[in-house]
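Enquirer: The structure follows.
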Amino acid sequence: MNLTRALNAIPYALSALLLASPALTQAATFNVNATERHEHWQSMALTLGDERHFRAVETHSYSDATLSVNATQGVCDLPWLEMRVTLEQQQGESRAVNLVPTRLRIDDQPIVDTMAEFITERGDDGFYAHFYLGDMAQLIEEMQTGERLFLGFDQNEQEPWYMTFSLAGADEALARMQALCAGAAAEAPSAP
């Protein structure tokens, strides 16, 4: 199933939840380096000037969607989960499109009820889902031992929209992402 069509099917009847936020920073192109493959996952470093991020990403399950865990140098202990779906065209504005009730589960673990914020960024052909999760450390631990991550997005009166991502290689990718971030923090010059 083409995820772009699935996204277009998500009703905007949740307009009461539209977020009136200031424009997000304009989409930037980061330099990707230190890429390493881990079965269905990859780990890498992303740099732009002094800004450094580290990513473990699954690109295997869908041709037009990725699932990633990301960390930023200096705050390696605050990783975040993100899903990106490639759209048919570059987006004209940065905005929060919707806030959607979401269910997340690893294998047969208990379901985690959360919210996902759907975002577009000007000049980017991606549609992003940022997940509000209270215990990322627990999720990462479960991802490192699990086989599949299941997502379910509410669509108001319609059936939920489901996605499943492979966790084959997530253990190594997540461990390497964390090690790259910790290593960059150790290399960073300390403030005078």
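The values are calculated or read from the model by the stated rules, or taken from the named source; none is laboratory data. All values derive from a computational prediction rather than experimental measurement. All Cβ positions, even for glycine, are placed from backbone atoms using ideal geometry, and neighbour counts span all protein chains on display. Heads up: the accessible areas ignore ligands, DNA and RNA and are worked out on the full protein's heavy atoms, side chains in. Shrake-Rupley method; radii C 1.70, N 1.55, O 1.52, S 1.80 Å.
Enquirer: Which condition breaks for Y132 when tested against (1) closer than 14 Å to W80 by Cβ; (2) out of contact with any helix residue (DSSP H, G or I) (no Cβ under 8 Å at 6 or more places or on another chain); (3) buried (at least 17 other Cβ atoms within 10 Å of the Cβ)?
Expert: Here Y132 meets the rest and fails (3).
Enquirer: Give region 134-179 a look and list any residue that's in a helix (DSSP H, G or I) and more than 15 Å from D107 (Cβ to Cβ), or say none.
Expert: Result: M136, A137, E172, A173, L174, A175, R176, M177, Q178, A179.
Enquirer: In the set P101, P110, P160, which member is free of Cβ contacts under 8 Å to residues at least 12 places away in the same chain and either open to solvent by less than 60 Å² (accessible area, probe 1.4 Å) or out of contact with any Lys or Arg (no Cβ under 7 Å at 6 or more places or on another chain) (or both)?
Expert: Being free of Cβ contacts under 8 Å to residues at least 12 places away in the same chain and either open to solvent by less than 60 Å² (accessible area, probe 1.4 Å) or out of contact with any Lys or Arg (no Cβ under 7 Å at 6 or more places or on another chain) (or both) holds for just one of P101, P110, P160, which is P110.
Enquirer: Do you know which residues across region 71-89 are free of Cβ contacts under 8 Å to residues at least 40 places away in the same chain and not charged (D, E, K, R)?
Expert: Scanning region 71-89 gives V75, Q89.
Enquirer: Right, S61: of a type in the set (G, A, S), over 25 Å from F153 (Cα atoms) and modelled with pLDDT of 95 or more or not?
Expert: It is false that S61 is of a type in the set (G, A, S), over 25 Å from F153 (Cα atoms) and modelled with pLDDT of 95 or more.
Enquirer: Of all residues in region 145-174, how many are acidic (D, E) and over 24 Å from M115 (Cβ atoms)?
Expert: Within region 145-174, residues that are acidic (D, E) and over 24 Å from M115 (Cβ atoms) number 3.
Enquirer: Between residues in region 42-53 that are β-branched (V, I, T) and residues that are surrounded by fewer than 19 Cβ atoms within 10 Å (Cβ to Cβ), which pairs lie under 6 Å by C-beta distance while being six or more apart or on different chains?
Expert: The qualifying pairs are T47/N31.
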